[in-house]
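Below is one structure, written out as C-alpha cells; the observations come after it.
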Amino acid sequence: HMTVQAHLKWTDGLKFIARAGEGPAVVLDSSDGASGASPMQLVLMGVAGCTAIDIVVILKKKRVRLSRFESTITGEQAEDNPRRYTKIIIAYVLYGKDIKPKAVEQAIALSEKKYCSAMASLNAEFEHSYRIEP
C-alpha cells in the first residue's frame, strides 16, 4: 500500500508551514490568525480538488471539451466537539459546447462512488448539484 507523509513546522501563534513530500508549502492557521486556511478549510479544499480532478479526467476520456470548470463546496459541521463535517454539498459548474448532462452525471457518480479517496476518507453525507454553461 501507499503511504503519504506531511511535515508541519510551527512558526508563531497558531500558524504552521506544511509540506507533503517535496511539494510546495502551504500555510495553515487558526481562523483567528487567518494567515492561511484552517485545517478544516483545507479538508474541504482537498475534497473539492480530489473530485474536480476525477471529473476533469473522466470527461476528458469521454472526449468532452471543457473550456472551464469550477466548483463551490460547503461543509456543515457538528455543533459539538469533534466538530466533524456531517454534510458536504458540492456545486459544480462546467463550461463548454455540447456538454451532455448524462456524461457529467456519470463522471460525478464515478468520482463520488469509486475514485475520490478524500470523500471516501470522511464520515459525512455528500450532496451535489451541477450546471452546464456554454
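Annotations for the structure displayed:
- Tail beyond 23 Å, pair distance distribution of the range 36-134 (Cα, percent): 26 percent
- Karplus 3J(HN,Hα) series, Hz, for the range 72-85 with 6.51 cos²θ - 1.76 cosθ + 1.60 (x for Gly, Pro): 10, 10, 10, x, 9, 9, 5, 6, 9, 5, x, 7, 5, 6
- With respect to the chain, whose longest principal axis is taken over its alpha-carbon atoms, helix 101-110 is tilted by about 40°.
- Relative to its Kirkwood radius, the Cα radius of gyration of the range 1-84 gives an Rg/Rh of 1.06.
- For the range 59-66, putting each phi into the Karplus relation 6.51 cos²θ - 1.76 cosθ + 1.60 with θ = phi - 60° gives couplings of 5, 5, 4, 7, 6, 7, 9, 8 Hz, in residue order, rounded to whole numbers and with x for Gly and Pro.
- At R0 = 22 Å, FRET efficiency that the Cβ-Cβ distance of Val26 and Arg131 yields, to 0.05: 0.15
- Estimated distance in nm for a label pair at Thr72 and Thr3, the labels positioned 7 Å out from Cα along Cα-to-Cβ: 4.1 nm
- Stretch gain in nm, segment Gln41-Lys102, where the contour uses 0.36 nm per residue and the Cα spacing is subtracted: 18.9 nm
- Share, in percent, of DSSP beta bridges within the range 1-124 that are antiparallel, nearest 5: 95 percent
Every number in this text was worked out from the coordinates using simple rules, so none of it is lab data. It should be emphasised that the depicted structure is a prediction, and the values quoted were computed from it without experimental measurement. Glycine also receives a Cβ, built like all others from the backbone with ideal geometry; neighbour counts cover every protein chain displayed.
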